[in-house]
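Before any comments, here is the structure.
The values are calculated or read from the model by the stated rules, or taken from the named source; none is laboratory data. This one's a predicted model, so the numbers in the text were calculated from it and none came from an experiment. Here the Cβ is made from the backbone with ideal geometry for all residues, glycine too, and neighbour counts use every protein chain on show. Just so you know, the surface numbers come from the protein's heavy atoms only, side chains and all, with ligands and any DNA or RNA stripped out. Shrake-Rupley method; radii C 1.70, N 1.55, O 1.52, S 1.80 Å.
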Amino acid sequence: MPEINTDNLDEKQVQLLAEMCILIDENDQKTGADSKKNCHLNSNIDKGLLHRAFSVFIFNSEEKLLLQQRSDAKITFPGCYTNTCCSHPLHTASELEEKDVLGVRRAAQRRLKAELGIPMDQVTPDEMTFLTRIHYKAQSDGVWGEHEIDYILFMQKDVEVDPDPNEIQSHCYVTKEELKEMLEKAKRQELKITPWFSLIADTFLFKWWDNLHNLKQFMDHERIHRM
C-alpha cells in the first residue's frame with residue numbers, strides 16, 4: 001500500500017487516525033481491529049475493509065434536530081452538514097461490549113462530549129434509543145472514504161452544547177421543514193451534506209421524527225439495512 005502523506009492535514013485530526021476501530025464482517029460480527037487511518041483509506045475499503053460506527057440524532061423539547069457542520073479540519077467530508085454526532089466505537093473493553101449495544105452507546109456519550117461539549121451526565125447510555133443499523137460505503141475524495149455498519153441512536157432532551165472548533169464549525173437546531181430545505185439546497189450544490197445523513201434523511205428519518213414518542217415500532221435490531 002502506498003504511504004499516505006498526512007503533512008497537509010490538521011495535526012489534531014491526524015493524531016486521531018491512530019485510534020483503533022472495530023473491524024467487522026457484513027453481518028456485524030467482530031473480526032479484529034485496525035487504525036482509524038487504515039479503515040478510512042479507499043484502497044482498503046475497495047478490498048472490503050468494514051468497521052463499526054454510530055450516528056446520533058438529538059432532538060430538543062421542541063422536536064427540533066441538532067445538526068452540526070463538520071469543521072474544515074476533518075479528514076473525511078470537511079465542511080459538510082450532518083446529524084448530531086457520527087463516529088466509531090473504539091477497540092477497547094468498554095466500547096466492545098455488545099450486551100444492550102452498551103459499547104456503542106458509551107462511544108456515543110464519549111464523542112458527544114468530545115465534539116459538542118455536551119456533559120456526559122446529560123447523555124447517558126440508557127437515554128439513547130437504538131433503532132437499527134445501516135451499511136453504506138462512500139468516498140470523501142480520491143484517498144479517504146467511509147465503509148461502515150452504522151448504529152442509529154435517537155434521543156430527545158435539552159442539552160448544553162459547547163462545540164470543539166477543531167471538530168465542528170457550526171451547529172443549529174432545525175425543524176423538519178428547515179431540514180427539507182437544506183436537503184434541496186444540497187441537491188442544488190448550494191451546501192454539502194454527508195452521504196450517510198443524506199441516505200438516512202431520504203429513507204427513514206422523517207418517519208422516525210414523526211414518531212419520537214413512539215419509536216418502539218421502528219426498532220429493528222436483527223436487520224442491517226444495505227444502502
Notebook entry, point to check: For segment 157-169, how many residues meet the condition of being touching a helix residue (DSSP H, G or I) at 6+ places or on another chain (Cβ under 9 Å) and either closer than 25 Å to Lys30 by Cα or polar (S, T, N, Q) (or both)?
Noted result: 1
Next item on the list: Looking for whichever is surrounded by fewer than 20 Cβ atoms within 10 Å (Cβ to Cβ) and either hydroxyl-bearing (Ser, Thr, Tyr) or modelled with pLDDT under 95 (or both) here; the options are Lys47, Lys37. Which one fits?
Entry: Lys37
Next item on the list: Being at pLDDT 95 or above, over 30 Å from Asp25 (Cα atoms) and open to solvent by less than 10 Å² (accessible area, probe 1.4 Å) narrows it down to one of Leu116, Leu153, so name that one.
Entry: Leu116
Check: Here are some conditions: (1) more than 18 Å from the chain's Cα centre (by Cα); (2) open to solvent by 30 Å² or more (accessible area, probe 1.4 Å). Met182 meets all but one. Which one does it not meet?
Finding: (2)
Checklist line | Candidates Tyr136, Tyr173, filtered to the one that is open to solvent by 70 Å² or more (accessible area, probe 1.4 Å) and assigned to a strand (DSSP E or B) | finding: Tyr173
Next item on the list: Using the structure shown, decide if Glu63 is open to solvent by 40 Å² or more (accessible area, probe 1.4 Å), under 24 Å from Leu215 (Cβ atoms) and either touching a strand residue (DSSP E or B) at 6+ places or on another chain (Cβ under 6 Å) or modelled with pLDDT under 95 (or both).
Entry: no
Next item on the list: Please enumerate the residues belonging to segment 197-223 that are surrounded by fewer than 16 Cβ atoms within 10 Å (Cβ to Cβ) and among the aliphatic types (A, V, I, L, M).
Entry: Leu212, Leu215, Met219
Next item on the list: Take segment 187-212 and flag every residue that is in a loop (DSSP other than H, G, I, E, B) and in contact with a strand residue (DSSP E or B) (Cβ under 9 Å, 6 or more places away or on another chain).
Entry: Leu191, Lys192, Thr194, Phe204, Leu212
Next item on the list: Please identify the pairs in which a residue from segment 80-109 that is touching a residue at least 40 places away in the same chain (Cβ under 8 Å) and more than 25 Å from Leu199 (Cβ to Cβ) has its Cβ atom under 8 Å from the Cβ atom of a residue that is open to solvent by less than 20 Å² (accessible area, probe 1.4 Å) and part of a helix (DSSP H, G or I), counting only partners at least 6 apart or on another chain.
Entry: Leu96/Gly103
